[in-house]
Each structure stands twice: as structure tokens, then as C-alpha cells.
Amino acid sequence: MSSLIETITHINDAVNGVVWGPIMLTMLIGTGLLLSIRMKFPQFTKFGYVMKNTIGSLFNGKQHHKDSSGVSPFQAVSTAMAGTIGTGSITGIATALVAGGPGAIFWMWISALLGMVTKYSEIILALKFREKNDKGEWTGGPMYYIKNGLGLKWLAVLFAFFAAVTCLGTGNATQSNSVAVALDSVLGVPPLVTGIILTILVALVIIGGIRRIAAVNEKLVPFMAVFYVICAIIALIINADKIPATFALIFHEAFNFQAAAGGAAGYGIILAMRYGFARGVFSNEAGLGSAPIAHAASSTKEPVEQGIWGMFEVFFTTIIICTLTALVILTSGVIDSTSLKGSALCIAAYNSVLPGVGAVCITLATVFFATSTTLGWAYYGEKAVEFLFHKSQKAVFVYRLIYIAFVFLGAVGNLDIIWNISDTMNGLMAIPNLIGIIGLSGIVVAATKEYFAKEKK
């Protein structure tokens, strides 16, 4: 059995190296750049409009309207952001800083700016080619616009399969494990207890389907986002005098061609670009094809109106949340005096500024972020299974039971092989999705021109 696991691990590592190597990152960044050029960089030219009609529109009631066939636009956004703002926004940034240096943050920003257009595009396509299931609910995502738009059903099936597997690991087991580890190390809560409680809570929500998931995320996502932003701002106010020098360091290291760690000249910038781009993609999921599945459930009839929420998602998740995490770590100075990584580095950074309180803040943020991600990815997995099994609600119910079981397994076990395979599958999701986006980019460009032409009248 051990030899079989080793063989699977070796094969997966080889595939993963390709999937998340330079070629994939080039595809993701290249797609964002191509779309940006074709649409004249809407992430800049339409930024004011995006902010006004997303976060600025939440108080007029329009974004909360829904009908019997879908959830409200804001509920769809909350579900998508629930799946996006995960523990990677905390631990992932720490990993990027350790591996790629402060310069990685600059390249993360670049990937986010390009990713804003990519996510905008895939959401428009998700609404353009969505269908209704047997319950009369809107269902969509890359599998539907690949099938209905490109006519490549086999490629759509591949995406759905990769998504269904990924959801069990990346969006589920890894998240519950992060919660269990954080609560055990900081508050002394046994992983078994965490596993039982978290499993029950997740089960109560996801068994109710998209409407219950959306209703919970509509309240949880804003709360957790505000909570984390407040914690980060307090930490940065205390170290405010170090912020200008930190920004200067980020820009300097982003273009540092000097030899790093005994390597050849230019190695430093290569590492910064690699980990910055990768962290950007992981944090906002632009191009992976996950978020469009949630957005497709919106009752919105105008695809562009929902698409601009995708721009906001990427901006808020990467430019705001991830940047705050990076600044707290860098201004604390702990990264230069310790060998800690991941969540341990984040805890040390916050504790250096807020002794005792910092660890609790990060722990609670981890719980909120991981729980919301688990709920968001549950819906992605269900929709993938629904597509694979011709909208069978029995298949969806079985998948829910499996998903719930993985919540518990992730909390109490060491599932390295499952996590690694899921990570690979996560990357493999992007390939058919990017093919779909590029192949149907003309539809996105046309929809954008038509919409903003109407807005000018």
C-alpha cells in the first residue's frame, strides 16, 4: 500500500510541477493581458464605475433582490468570495514572502490587475450560457459555456471532473485542517472536537442547498472581511512609521537583479515573479473557473452587471486583504529574525504588535475564512457533479454526504496525498476554463461594448 501511495505521489508531483509551472502561470497572466488589451483595460478605465456599482450599490437594495430562479446578486458574490477569501489570504502570503521575498507582493498586484478582467470575462460567459436545473434554479459555470459556447462537451466534462475532486481537498479538507490546527495550537481545542463541531455546522448549511449557503455567506463574508481588516489596520497603525519604507522595499525587491541565496544574477526577480503571480492566482482564483459557478446562480439578467462584481472580488481579495497581510508581516520585522513559515509566521507578526491578542485575531480569522471557503466550494462541487450526472439530484445528495465526511477527515487526519492531488486538480481546472474564455472572448468584448454604449445614453 505504501509503495502505491509513493507511486501516486511521484506521478502527482511531476504533473503538479507542470500544472503550476511557468507555462500555466504564463497562460493565466497572458489571458488577462489579452482580454485587457481587447477591452481597453477596463480595470482602469471603468474602475470608478465598478466601485460605484458594486460596493457603492449595496445600500440601495438593488443588489439584494432575488427571484425564484436564483439568489440575489450580492448573495452570489458572497458565495464566490466565501470560496475565494480562504486561509491562503493569510498563510499563502506568508509563504510567498518567505519563498519569493518582499518583491513577490508587487507581482501579486500585477497578477490581480490582470485577473480582474479574467474573472469579469468568465462571469459574463457563465451567465450567457447558464441553464436551469430540475428545481428551476440557474446553474452554470465553465462546463456550461465550454459545452454550449464552444461545443466541446468532452472538455466540459474534464473541467467538471477536476472541479469535483478539487472541492474535496483544496476547498474542504485543507480548510478544516487549518481550523483544527489553529484552534489546537492557540486555544488548546482538540482536533476531534473541532472536527465534530465543524462537520455538524457545515452539514446543516450545505444540505439546504444554494439558497441556505448564500444566505449564510451573505452575513458571514462581510463580517469576516471587516473583522480581519480592522485587526490588520490596528497592527499597521502601531507600525505606521515603517509603512513607507516597506512599500519602498517591495518595489525595490520586485526588480532586484542581484544574485540571491548564491544563485545567478536575476534569480531574485524570477522567484519574486513566480511566487507573486502564483499567490495572486491562488488568492483571487481568476481563471481557475470556480467563482463563475456561484455567480451563475444570480437572478441578475444582465451578465455585465454581475461581471463587474468579479472585478471587485479580485481587487478586494488580493489588492486589499492580501496586501494588508503582507504589510503586517513586513512592518513587524519578524520575517528577518525567524525561520517560521505560513500561519506560524502570521501569528508571530501579529503577536509582535499585539501581544497575546494577535494570535487570537489570526485564529479567529482562520476559522472564519476557512469555514466560508468550505461552504463556497461545497456549492462548486455540487454543480460539477450535477453536470456530470445530467442534473441528477440523487448524485448531488451523495456528493454532499461525501463532502461532509471530508470536513471531518480533514480536521482529524493528515491527508497530504489528498491535498497534493487536489492542488494539481485545481490547476487542471484552469486549462479547459482558459480555453473557453479565450475561445469565447469575442462574446465578452461585444457584451461589454453593448452594455456601456447603453450606459452612455
Being surrounded by fewer than 23 Cβ atoms within 10 Å (Cβ to Cβ) and in contact (Cβ under 8 Å) with a residue 60 or more places away in the chain is the requirement here; does LEU114 meet it? no
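Does LYS394 satisfy the condition of being more than 12 Å from ASN172 (Cβ to Cβ), at pLDDT 85 or above and crowded, with 21+ Cβ neighbours inside 10 Å?
Details: more than 12 Å from ASN172 (Cβ to Cβ): yes; at pLDDT 85 or above: yes; crowded, with 21+ Cβ neighbours inside 10 Å: no.
Judged against the criteria, LYS394 is not a match.
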Members of the range 90-124 that are within 15 Å of the chain's Cα centre (by Cα), among the hydroxyl-bearing types (Ser, Thr, Tyr) and modelled with pLDDT of 75 or more: SER111, THR118, TYR120
The range 173-192 residues that are without any contact (Cβ under 8 Å) to a residue 40 or more places away in the chain, paired with ones that are outside any helix (DSSP H, G or I) (beta carbon under 9 Å, 6 or more apart): ASP184/PRO190
Of the conditions (1) out of contact with any helix residue (DSSP H, G or I) (no Cβ under 8 Å at 6 or more places or on another chain); (2) buried (at least 24 other Cβ atoms within 10 Å of the Cβ); (3) of a type outside the set (S, T, N, Q), the single one that PRO355 does not satisfy is (2)
Name every residue in the range 34-50 that is among the aliphatic types (A, V, I, L, M) and surrounded by fewer than 16 Cβ atoms within 10 Å (Cβ to Cβ), in order of residue number. ILE37
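The values are calculated or read from the model by the stated rules, or taken from the named source; none is laboratory data. Note that the structure is predicted; figures quoted are calculated from it, not measured. Note: ideal-geometry Cβ built from the backbone for every residue, glycine included; neighbour counts use all protein chains shown.
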